[in-house]
Amino acid sequence: MGSEGGEKKALGWAARDPSGVLAPYSYTLRSTGADDVYIKVICCGICHTDIHQIKNDLGMSNYPMVPGHEVVGEVVEVGSDVSKFTVGDVVGVGVIVGCCGSCKPCSSELEQYCNKRIWSYNDVYTDGKPTQGGFADTMIVNQKFVVKIPEGMAVEQAAPLLCAGVTVYSPLSHFGLMASGLKGGILGLGGVGHMGVKIAKAMGHHVTVISSSDKKKEEAMEHLGADDYVVSSDPAEMQRLADTLDYIIDTVPVFHPLEPYLACLKLDGKLILMGVINTPLQFLTPLVILGRKVISGSFIGSIKETEEVLAFCKEKGLTSTIETVKIDELNTAFERLSKNDVRYRFVVDVAGSNLVEEAATTTN
């Protein structure tokens with residue numbers, strides 16, 4: 001890298017307290033190294049987890065915080081030991097930007113489960129510098145945690161795949177649920193859920209969307225290609241689903257009972273939890289025992305799986321259903337996301353936005 005070891009400035013939009021309100025913020029990126037890639041951000045998706053982080057819902061937020069972990073950008077400089085990328089490559093950065101490299105998950109190419117993982121934002125690099133995310137003009141990332149965006153894939157379509165897409169793909173791959181002919185349920189039709197429908201359908205699955213109301217039925221059936229739609233509050237409809245599904249991908253990020261969905265699973269069926277929920281969930285054990293059912297969690301995906309889902313979506317011609325906003329619309333977008341008022345993923349046009357305002361605050 002031309003300025004290897006030197007400091008670089010960045011301008012992003014940061015939350016400064018648990019109100020979650022974001023505003024322009026200038027800061028210094030961490031020192032660059034031989035394995036680092038310097039990226040000019042083009043766009044960045046908005047994930048529901050970003051709301052938890054900026055509002056300190058999990059009690060572990062550090063401010064100022066620049067969120068954003070579905071980042072697509074262009075490589076503008078590379079370190080002297082970088083072999084995977086060259087200047088001009090269009091690349092992506094997801095949820096993590098560091099790991100220990102020596103534990104069992106790391107040696108198994110499952111670095112997202114490393115206990116020393118470093119988050120893309122709201123974390124600290126090994127040099128003590130805070131990590132900051134993709135709602136900013138630039139980032140510096142170790143090449144291990146950067147992926148190439150397939151040629152011809154629209155950047156705004158690629159962004160949600162770096163979290164929402166791989167979050168669905170990873171458990172389907174891990175649990176051997178990629179064969180055609182399976183029957184799957186998608187619980188919750190948001191950013192992750194809508195990608196779940198598309199990816200499962202592309203694998204040849206019969207897909208049922210389970211939602212709390214019928215408001216999204218037409219969208220799910222006619223636009224996303226779901227085979228069936230069930231309203232979870234309708235006992236007759238839920239009874240119709242009993243003992244029919246091979247798996248359910250549960251994307252709901254708030255407290256909800258598990259028993260109704262466990263009853264929908266076949267023998268050896270799997271309920272895969274993905275929502276970040278800070279209150280305990282409960283279930284009656286006979287619903288699990290009498291069907292040898294599995295309740296599991298799955299967290300994003302590995303770098304390898306991220307590359308796989310990008311290639312899969314390119315091959316199948318899958319696209320995200322998105323709404324593009326400018327960076328000065330971030331606060332409105334977060335308000336709308338908290339009300340589920342988006343179809344189905346916001347993507348911030350960072351490169352096309354004016355990040356500079358007189359209100360920008362400079363720090364470290």
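In region 1-126, if the dipole is taken from +1 on Lys/Arg beta carbons and -1 on Asp/Glu beta carbons about the Cα centre, which of Pro105, Ser31, Pro64 is farthest to the positive end?
Pro64
Quick one: grab the alpha carbon gyration tensor of region 220-364, order the square roots of its eigenvalues as a ≥ b ≥ c, and give me rounded if a/c is under 1.5, else prolate or oblate depending on whether a/b is larger than b/c.
Taking the square roots of the gyration eigenvalues as a ≥ b ≥ c, region 220-364 is prolate.
Can you order the peptides 30-38, 225-233 by their average number of other Cβ atoms within 10 Å per residue, highest first?
In decreasing order of mean packing, 30-38, 225-233 become 30-38, 225-233.
With loop defined by DSSP as not H, G, I, E or B, and exposure as at most 16 other Cβ atoms within 10 Å, which is the longest segment of the chain clear of exposed GluC sites (Glu not before Pro)?
Numbers: sites that count: Glu4, Glu7, Glu109, Glu151, Glu357, Glu358.
Answer - 152-356.
State the percent of C-alpha pairs, over all pairs in the chain, separated by a distance greater than 28 angstrom.
Details: 28341 of 66066 pairs.
The proportion of pairs with Cα distances above 28 Å equals 43 percent.
Relative to the longest principal Cα axis of the chain, at what angle does helix 303-316 sit, 0 to 90 degrees, rounded to 10?
70 degrees
Roll a 1.4 Å probe over the protein chains and send me the accessible area per residue for the chain in Å².
Details: 15330 Å² over 364 residues.
Accessible area per residue: 42 Å².
Accessible area of region 166-257 with a 1.4 Å probe: how many percent of it is carbon plus sulfur?
52 percent
Return the single residue from Gly184, Gly59, Gly133 with maximal mean-square fluctuation; model: Gaussian network over the chain, springs between Cα atoms under 10 Å.
Fluctuation is largest for Gly59.
Cross-link list Lys129/Lys339; Lys129/Lys326; Lys40/Lys270; Lys183/Lys326: which exceed 32 angstrom alpha carbon to alpha carbon?
Checking Cα-Cα distances, Lys129/Lys339; Lys40/Lys270; Lys183/Lys326 exceed 32 Å.
Percent of accessible area on region 26-154 owned by carbon and sulfur, 1.4 Å probe?
49 percent
Using a cut-off of 16 Å between alpha-carbon atoms, which aspartates and glutamates can reach Lys217, once sequence neighbours fewer than 8 places away in the same chain are excluded?
Asp227, Asp228, Asp234, Glu237, Asp341
Please list Thr279, Thr208 from largest to smallest accessible area, probe radius 1.4 Å, with all protein chains kept in place. Spell out each step's value before the answer.
Numbers: Thr279 65, Thr208 0 Å².
The ordering from most to least exposed comes out as Thr279, Thr208.
The values are calculated or read from the model by the stated rules, or taken from the named source; none is laboratory data. Keep in mind the model is a prediction, meaning the values are calculated, not measured. Note: ideal-geometry Cβ built from the backbone for every residue, glycine included; neighbour counts use all protein chains shown. Accessible surface is based on the protein model in full, side chains and every heavy atom, while ligands, DNA and RNA are left aside. Shrake-Rupley method; radii C 1.70, N 1.55, O 1.52, S 1.80 Å.
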